[in-house]
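Let me begin by presenting the structure, written as structure tokens, before commenting on it.
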Amino acid sequence: MKIKLRTLRLWNVVDKGTDNEEDDMSTLETILAAVPTEYREPLGAKRSAKEAWEAIAAMHVGYDRAKKATAQPVTNLGFYIRVCRQKNFIYINR
């Protein structure tokens, strides 16, 4: 999405904000067209494209944290499997 905004020369509106309402609404429209439909209403209620972008960034950080927290036990289990194979016994994590 960032690349599309840069291509359309709208990234500065998101990055620095703008007082030009036409540019802001064009940028917000481009953002809303790129997100899933369930995000369009809450993002469309934002006062500016910059606020909408910051909301998307906050959602993405939350997603990354959840993804990392879910991946961590799997990584640890892989470590235990390797150790157990070297010592010739089976470890079952329940």
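No value in this document is a laboratory result; all are computed from the given coordinates. Keep in mind the model is a prediction, meaning the values are calculated, not measured. Neighbour counts run over all protein chains shown; Cβ positions are idealised from the backbone, glycine included.
Are any residues in the range 1-47 of a type in the set (Ser, Thr, Tyr) and either part of a helix (DSSP H, G or I) or surrounded by fewer than 16 Cβ atoms within 10 Å (Cβ to Cβ) (or both), and if so, which ones?
Initial filter on the range 1-47 (of a type in the set (Ser, Thr, Tyr)): 7, 18, 26-27, 30, 37, 39.
Selection gives THR7, SER26, THR27, THR30, THR37, TYR39.
So the check is Cβ under 7 Å with 6+ separation or different chains; which pairs have a first residue in the range 8-25 that's more than 12 Å from ARG47 (Cβ to Cβ) and in contact (Cβ under 8 Å) with a residue 12 or more places away in the chain and a second one that's aromatic (Phe, Trp, Tyr) and part of a helix (DSSP H, G or I)?
VAL14/TRP53
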